[in-house]
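Colleague: Structure provided below as structure tokens; questions to follow.
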Amino acid sequence: MSLFGAINTAISGLTSQSAAFGNISEDVANSQTVGFKRVDTSFKDYLTTSTPTQNEPGAVVAQPEYINDVQGSVTQTDNPLGMAIAGQGFFAVSQPTGTTNGVPTFNPQQFYSRAGDFTMNDSGYLVNSAGQYLNGWSVNSATGVVDQNALVPIQINQNTYNPVATSNVTLSANLPATPTSGTATSTSPLSSQITVYDALGTAHPVTLNWSQSTTNPNTWTVEVNVPNADTTATNGTPATVDAGSADVTFGAASGNAVPEGTIGLIAAPADGDTGTVVPSTFTSGQPATLQFTTNFGSGNQTITLNLGTYGGTAGVTQFAGNSYSLLGLTQDGVPPGSFSGLTTQANGDVIVNYNNGQTRTVGQIPLVTFNSPNSLQSQNGQSFTATPSSGSPLAEAASTGGAGNLVIGSVEGSNVDIATEFSNLIVAQQAYSSNAKVVTTANTMLQVTLQMVT
């Protein structure tokens, strides 16, 4: 063994411990960085000569050991768009490179991150604290179909929710078999009112009036009253007009074998009603409906009144009692709405909320997994890029295919443990001092040798 070889070996030790100290320093500095993954240090020995009778000192090399698959602590946040990943997987993100005509441009390389402290910027993109844009799958808001063929930056459109004209009204109620005297008559009907919307999103009241036949207690007449733009009252507001009526018979009617108290027949009355309704044809178990057409000022609008099913107990029935029981009255029209906020769900859905009570799913956030996440290459902003050793990225919906769970309203902290890093720091410091001692000792021995020959 030469003294020069010992010095070279000790110097490699100094260099390696310096690298370890650098990794420790980086870990400690990022102990509070959202989504940061610590870097440990592994040491490798390189030999020059090693035989049963001779061993020459070689060198030691420090290599970074990336700990990307260890979970950081998940904590709640008051940021509603904050997301943490519990388990395996990464967010797909894009690195911005600038703008062209006001539109952001991105690095074509795909990046991955666990930093889920996303907020919406002034252009409607979801961006984390490192400035990276969250990528996801687009969703057809009309059909709900998710396009999993491409990951693109999620941008939220804050336009108005367009109104939807009412086309269906659904009534669930029980008409009393023996109504209280003086009620359920043509002059004092049992009534329900619901608000419907025209094509412009304007609200209009629709009233359903029920009166029991004086000759057949199982038959009721339902009259639909609506405000009609073609008929104006003296004060200039639309007058209420009869949009049509129909006779609804409960129990067996015209040979129809249905249970008592359930709808057996719907027919247009033969009393010269000025309105027009179109009853559905009787088929046991099929929907019991009637249609009426009116004009609220935006053109003719046809609305279907759903009364349940023929022979069924869901919808309108006539059972024992003397008072009207309204169980439910709904319609499918929607008034216009303005953007009121954005939320995410545990399945990754990105949902836009409107002040008219409506919601719209505009995207879905997948999680990207790798066969060897510790082999990912670290990049700026606690992000990573794929390498040949990491394996190909696989985008999966949250909680499927080995991907972790999304924790909404939370963020994942750094996986650095300060106590462990301080312990490693002490070890690195002692190892560095020991290597330095070897260098000074070898230098002293060289000085002694030089003195022997002078």
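Values in this text are rule-based calculations from the coordinates and carry no lab data. Being a predicted model, the structure only gives us computed values, none of them experimental. Heads up, the Cβs are rebuilt from the backbone with ideal geometry, glycines too, and the neighbour counts pull from every protein chain shown.
Colleague: For percent of Cα pairs over 42 Å apart, pick the label among (1) 13; (2) 50; (3) 20 that corresponds to the value derived from the coordinates.
Modeller: (2)
Colleague: Test of understanding: extend the Cα→C-beta vector of residue 322 to 7 Å, then name every residue of segment 186-228 with backbone N under 20 Å from that spot.
Modeller: Under 20 Å, as judged by backbone N against the label point of residue 322, lie 186-191, 210-219 of segment 186-228.
Colleague: Here is a further query. Under the rule of at least 5 residues apart or a separate chain, name every residue whose amide H is placed under 5 Å from the amide H of residue 340.
Modeller: Those lying under 5 Å, H to H, from residue 340 are 353, 354, 355.
Colleague: Looking at segment 168-331 only, what percent of DSSP beta bridges run antiparallel? Nearest 5 please.
Modeller: 85
Colleague: A further question follows. Please label the shape of segment 54-170 as rounded, prolate or oblate, based on the square roots a ≥ b ≥ c of the eigenvalues of the alpha-carbon gyration tensor (a/c under 1.5 means rounded; beyond that, a/b larger than b/c means prolate, else oblate).
Modeller: Numbers: a/c = 2.84, a/b = 2.23, b/c = 1.28.
It is prolate, given that a/c is not under 1.5 and a/b is the larger ratio.
Colleague: Take the alpha-carbon centre of segment 309-369, take the same for segment 45-119, and report the distance between them in whole Å.
Modeller: Here the answer is 42 Å between Cα centres.
Colleague: Another question, then. I'd like the orientation of helix 418-452 relative to the chain: the angle between its Cα long axis and the longest Cα principal axis, in ° from 0 to 90, rounded to 10.
Modeller: 20
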